[in-house]
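The values are calculated or read from the model by the stated rules, or taken from the named source; none is laboratory data. Remember, predicted model here, so these are calculated numbers, not experimental data. Heads up, the Cβs are rebuilt from the backbone with ideal geometry, glycines too, and the neighbour counts pull from every protein chain shown.
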Amino acid sequence: MNTFDAIIIAIVEGITEYLPISSTGHMILAERFLGVEPDNFTKLFTVAIQLGAILSVLVLYWKKFTAPLSNGERNIHFYLKLIAAVIPAIVLGKLFNDKIDALLESPLTVTITMLAGGVVLLFIDALFQQPAIEKEEQITYKKAIIIGIWQCVAMIPGVSRSAASIIGGMQQKLTRSLAAEFSFFLAVPTMAAATGYSLFLKDWTENGIEQKGYQLLLSSNQYLQAFVIGNVVAFIVALLAIKFFIGFLQKHGFRLFGWYRIIAGLILLALLYTGYLQ
């Protein structure tokens, strides 16, 4: 992976991370079209590039995350609900890490889940028409955990973490905009945990030598440059994507994203069938 590849993949990450169209799926496909080898650094980059996207949420919602805890008990509950919601992803991610890694190499998996997710999004607005929860403070711990369980479906590449957690939120009677915002909040500990695990805990084998993710990054100036530039680009693009998504969602709902996923899935299916995409 060179710097140009890293920038393109980072743009894809920034645009798609918070839209219900699967950032991982799009990055996998971008890597295939760019001819990037699915080696250990590419797999690490696909996860670690989320740091930039995490920072975009912290910047846009800094008041929510930095409100002094001494101002009241409410903000403490905000953090505790996020912790409760992220536990299912941490547990299942640890248990099925190897299987998830294997799926990251499968364009066919992405194609199937893109199509299936598109069909779901076409009907999601009609399924949940009477939301009762308009403020984050109304989300109970039980609802937060259930949304966190929904989020785990996105461990299958192509499903979309954003789509899974938003659908989970709407199923728990959250409004569309609140479900999207809570999905953004939940992304911070979820992606931070996944990135931290990949960088500091997981062993990566490079040239017969096992090393942690951060050691793999530091082993090459090219790797480190791609990592830094990629995260800066992802941060900037994700800022713009979040602002667009909230406004669009309030006015138009999910149907356009559903059709996008279906069309993209059909194109990918044709590319697989013709042998253009292996």
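For the reader, a short list of remarks on this structure follows.
- Qualifying residue in the stretch 13-34 (condition: free of Cβ contacts under 8 Å to residues at least 24 places away in the same chain and either of a type in the set (A, V, I, L, M) or farther than 29 Å from Ile229 by Cβ (or both)): yes
- The condition of being among the small types (Gly, Ala, Ser), on the phi > 0 side of the Ramachandran plot and either touching a residue at least 60 places away in the same chain (Cβ under 8 Å) or surrounded by fewer than 16 Cβ atoms within 10 Å (Cβ to Cβ) (or both) holds for only one of Gly213, Gly253, Gly258, that being Gly253.
- Number of positions in the stretch 221-242 that are more than 23 Å from Val59 (Cβ to Cβ) and either in contact with a Ser or Thr (Cβ under 7 Å, 6 or more places away or on another chain) or without any contact (Cβ under 8 Å) to a residue 60 or more places away in the chain (or both): 3
- Count of the stretch 36-64 residues which are out of contact with any Lys or Arg (no Cβ under 8 Å at 6 or more places or on another chain), of a type in the set (A, V, I, L, M, F, W, C), more than 20 Å from Asn2 (Cα to Cα) and at pLDDT 90 or above: 6
- In the stretch 122-149, the residues that are closer than 16 Å to Thr175 by Cβ reach residues that are in a loop (DSSP other than H, G, I, E, B) and among the basic types (Lys, Arg) with C-beta atoms within less than 6 angstrom, at least six apart or across chains, in these pairs: Pro131/Lys173; Ala132/Lys173; Ile133/Lys173.
- Verdict on Gly253 being farther than 27 Å from Thr3 by Cα and in contact with an Asp or Glu (Cβ under 7 Å, 6 or more places away or on another chain): yes
- Boolean, Gln129 is in a helix (DSSP H, G or I) and not aliphatic (A, V, I, L, M): no
- Search result, residues across the stretch 180-207 that are assigned to a helix (DSSP H, G or I) and without any contact (Cβ under 8 Å) to a residue 40 or more places away in the chain: Gly196, Phe200, Leu201
- Count of the stretch 136-181 residues which are among the basic types (Lys, Arg) and closer than 22 Å to Ala238 by Cβ: 2
- Every residue from the stretch 187-206 that is over 20 Å from the mean Cα position of the chain (by Cα) and of a type in the set (S, T, N, Q): Thr205
- From the options Phe182, Phe128, residue that is within 21 Å of Ile87 (Cα to Cα) and of a type outside the set (Val, Ile, Thr): Phe182
- Residue in the stretch 12-27 that is over 22 Å from Phe185 (Cβ atoms), assigned to a helix (DSSP H, G or I) and β-branched (Val, Ile, Thr) present: yes
- Applying the criterion of being crowded, with 21+ Cβ neighbours inside 10 Å and farther than 13 Å from Pro157 by Cα to the residues of the stretch 17-35, the residue that is modelled with the lowest pLDDT is Glu31.
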